Structure formats: structure tokens, C-alpha cells
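Everything on this sheet refers to the single structure shown next.
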Amino acid sequence: MFLKTHCLPLLITLISLSTSCFGSYREDPFHIDFRHGHAYRRPTTYHPYFRTFGVSNQRNYHNPNSVNLFNHNNQIWSRLDRARASVTPKVVNVDDFGAKANGRDDSQAFTKAWKYACSSSQGAILVVPKNNIYRLKPIDFSGPCKSALVLKIDGTIIATDDHSDYKKQGRRWLYFDNVQNLRVEGEGVINGNGRTWWQKSCKINEALPCKEAPTAVTFNECSNLRVAGLQIKDAQQMHLTFQKCVNVEAFNLFVTAPGNSPNTDGIHVTETQNININNCVIRTGDDCISIVSGSKNVRATGITCGPGHGISIGSLGAENSAAYVSNVIVNKATLSGTTNGVRIKTWQGGSGYAKNIKFQNIVMHNVSNPIIIDQNYCDQQNPCSKQVSAVQVSNVLYQNIRGTSASNVALKLDCSQSFPCQGIFLQDVALRPQEEEEDIAEASCANVRLSYLGNVSPPCSS
């Protein structure tokens, strides 16, 4: 009698829960693959969309194993906050180390202040005071530090405009290397002072040779990193780069440069894992966000983009190289007046993959090429030769994407003939021409295996 009255309701509840869970699980478009042009159900051993992968070649890497990466990041910061609360950190002011903010070079003072803060075993807050403008030559902020560190930028840091100052460091200005448990935050400005670099770009003056310019802010091999609240403007080339980093949060950033400034990507992610980019406004002359080889577990949420070249995965596979990008979500973005919307771009002749990618809940305003996969990407003066090998693009979902297209072709899927795009899903896509005279936007699709879910406009003709 006890079994009937107590266990039977429990059994019914368990059955209903299991039906509900597995029902929604099967509806996940990423649980479907396309092989030989028809739907293929994967085995039930399919792993969750976001897995955490081990890393063997990064300094001071903490492997969170199977823990959800974003929850894991939050747990890390909660522990660090509690640790800071129990110990009073040193407050270190760059002015106390000789910074004058008088228009002359303050690099030495910043270097001394950093070394002092980094050597503190009780933690430190390195302060760049507000209402001051500090001019800096290229600086390396090197770790590891003895404890957690906060760099609080409330003033303005501006780059030297003397190009000879960059001969030693080459392609970098502010360079953070091998630092763990670091916060760089505040209400200040980082100004790359890039106009003299743009004027010497071959993209502005074709008579000039093509040369690389410095990246304004680079984080190299850093872990448990937070960058928040800052304005980063007028970079010499790229504004903010995360390179070989693990467990990164970047949020509430305002990244700006003129729309015609060459190669001024907003946020560049390379060989970086477990990164969350949230609530950022990015208006530059190149990609708002670019995600390139070696990056996995990348989430960008609440992004306002434009002007610029859109949000890009790639380019990948240049010079016949192998490239690998996986587990990317771009969610709740608004793009306005950009030359591309959400883009995957790969060179012919490359190898590797770009897979498990979601673009969802995105609004386009007067955007050229709102949705584009370009596996014949060629960004060079001479035409690219036709090659057989290609980076494999697969398991890509475009979901709830709406707005207006500045180009006649709103959907362009130009995939490799040898390595067709596989498992491409279009769900609830509504793109219309910006010009009211045109009734329907066009789609151009080649060498792609795709599926429609919900209403899709424009659809591919084939």
C-alpha cells in the first residue's frame, strides 16, 4: 500500500520530467547533422554544446573540467573577491612614482609603479588618477605577480606619436604578459593616438608599402582576467587583443575609431578559451569583434556594432595554414551601417574547422551582407589562386535575425566545392531591402547543406 500511494506519484513525476527534458534536448538544432544531403541523428552520447577543453601549452592554466565555463568564471571571481575582502590591498598611485601628466613621457613611472604593485603579496590596486592625461611609450606589464592585482584607470592614457618609439616592441603598445587574477577597470580612456599610423597605411594611400601597426592593448597568456568600464579609442591598429588567454570577462567597454580607420578591429580574440564579452559598444574601421584560430568557448552578448565590418569568425586558413575555432555564441547584438553582419571568412588552401557556432537574436540596420559565409576570402592586391583544401565550416545556427540589408544579397553562403558547408541552420530569419522600392532581398548559396526552421526570408533558391 505504501508503494502505491508514495512511489507511484514519484514515478509519474520522474517520467514527465524525463519526457520534458529529452523533448527539448532533441529539438536543439545542434543535435542534427546533415550527411549526403539528408538529416542524420547523432548518437545519444552527443556532448553538451559548451564543453570545456583541456589546454596543455598555456602557462598557469586552470582546467575547470566539466564545469560550465561561465559559471566557473563567476565562481573564480567570487573567490577572488572574498580573498580581497579578507586582506587590505596596497593602494599604489602612479603619481607617487614620478608620473607628471604634463605632456612628457611617463613610461618610467608606470613601469616602476607596476613592478611595485605586482610584487605585493597582499594584493594591490594600481591607480591612474582621473583628470590627468599620461603620455606613454610602449610598455610591458609583465607577470606573474605575487597576488591578485587591480589596475584602476580613471584618467587618460595616450600613446606617443613618435613611431621610432616602437622599434623595439614592434606591434604593441600596452602589453600585459603572463598575469593571473588581474582586473583592468575604471572610467578612464586609453587613446592609441592612431591617426599618424592610419595616414601611413597602404589602405589609405595605395602608393605606400603595407606595414603592420601596433595593437593598443594586448593581453598575452593571462588567466582569470577581467577588463571592464573603459573607453578604448583611436588605436594604431587593433584596439584590444586577447591572445592565448584563459577565463576572460570583458564588459561595459566603449571602443571607438573613425569608420575609415584601417584595420582597427575592436576586440580581437586569438588562441583564447572561455571568454565572455558582454554589453560593449564597438564603432571602428574594421571588425567589431574578430575571432580567429585557437579560440573556443567564446560568448559575445549585448553587442552594439557599427560602423565597422561586423562580427567575424576569421579570417582562417591564410597561407595554407590550419585553423580551429569552435563553440561560439553571438547573442543579442545590434549592427548598424556595417559592411558585413555576422560573417565566417576562410581562405582557400587552409585546413581545420570552424564549428558549433550560434548567431542568435540579432538586429540589422542597413547592413551590407547581413549573413555571410565566405570560403573564398581574398584580402590581397593580387587575385588568389584556386585551391582544393579548405577550412571545414559546420554546425552553424542563424536564429531570430531580423532587419534591413543595404546590399541586394542579404544572405550569402559561398562555400567550398571540395569541403561544402555542413549542418547550416536558418531559423526565423527576416531580412528585407533597405530601399523601399525593392520588395524582397536576395539569397546566394553555393555548396552548402542547410535546413530551414520556422520562417526564413530570403531563402536560398536551390
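Given the criterion in contact with a Ser or Thr (Cβ under 9 Å, 6 or more places away or on another chain), small (Gly, Ala, Ser) and within 25 Å of ASN408 (Cβ to Cβ), identify the matching residue among GLY310, GLY349, GLY317.
Exactly one residue qualifies, and that residue is GLY310.
Has segment 261-282 got at least one residue that is more than 30 Å from GLY352 (Cα to Cα), assigned to a loop (DSSP other than H, G, I, E, B) and open to solvent by 20 Å² or more (accessible area, probe 1.4 Å)?
no
Out of the residues in segment 143-188 that are closer than 27 Å to GLN199 by Cα and aliphatic (A, V, I, L, M), state the one that is surrounded by the fewest Cβ atoms within 10 Å (Cβ to Cβ).
ILE158
Having 3 or more residues that are touching a helix residue (DSSP H, G or I) at 6+ places or on another chain (Cβ under 8 Å) and within 20 Å of PRO262 (Cβ to Cβ) is the bar; report the strands (runs of 3 or more DSSP E) wholly within segment 128-240 that clear it. Spell out how you get there, then give the answer.
Details: elements: 133-136, 139-142, 149-153, 156-159, 172-177, 180-185, 189-191, 215-220, 223-228, 231-233.
Passing ranges: none, list empty.
Taking segment 286-305 only, how many residues are open to solvent by less than 20 Å² (accessible area, probe 1.4 Å), under 20 Å from THR256 (Cα atoms) and either in a strand (DSSP E or B) or touching a residue at least 60 places away in the same chain (Cβ under 8 Å) (or both)?
6
Restricting to segment 453-462, what's the tally of residues that are open to solvent by less than 30 Å² (accessible area, probe 1.4 Å) and part of a strand (DSSP E or B)?
1
Here is a check on your reading of the model: is ASN376 in a strand (DSSP E or B), at pLDDT below 95 and touching a strand residue (DSSP E or B) at 6+ places or on another chain (Cβ under 8 Å)? Show your work before the answer.
Details: in a strand (DSSP E or B): yes; at pLDDT below 95: yes; touching a strand residue (DSSP E or B) at 6+ places or on another chain (Cβ under 8 Å): yes.
Yes; evaluated as a whole, the condition is true for this residue.
Go through segment 118-135 and count every residue that is open to solvent by less than 50 Å² (accessible area, probe 1.4 Å) and more than 17 Å from GLY186 (Cα to Cα).
3
Between a first residue in segment 419-433 that is under 17 Å from LEU335 (Cβ atoms) and open to solvent by 10 Å² or more (accessible area, probe 1.4 Å) and a second residue that is at pLDDT below 95 and part of a loop (DSSP other than H, G, I, E, B), which pairs have beta carbons less than 6 Å apart while being 6 or more apart in sequence or on different chains?
That search, which allows pairs on different chains as well, returns ARG432/ALA441; PRO433/ALA441.
Restricting to segment 395-418, name every residue that is open to solvent by 50 Å² or more (accessible area, probe 1.4 Å) and more than 18 Å from ILE362 (Cα to Cα).
Selection gives ASN408, GLN417, SER418.
Restricting attention to segment 189-214, which residues are crowded, with 23+ Cβ neighbours inside 10 Å and closer than 23 Å to SER107 by Cα?
Within segment 189-214, ILE190, GLY192, GLY194, TRP197, ALA213, PRO214 meet the criteria.
The values are calculated or read from the model by the stated rules, or taken from the named source; none is laboratory data. Quick caveat: nothing in here was measured; it's all calculated off a predicted structure. Every residue, glycine as well, gets a Cβ built from its backbone with ideal geometry; the counts of neighbours run over all protein chains shown. For the accessible areas, the whole protein counts, side chains as well, though only heavy atoms, and no ligand, DNA or RNA atoms are used. Shrake-Rupley method; radii C 1.70, N 1.55, O 1.52, S 1.80 Å.
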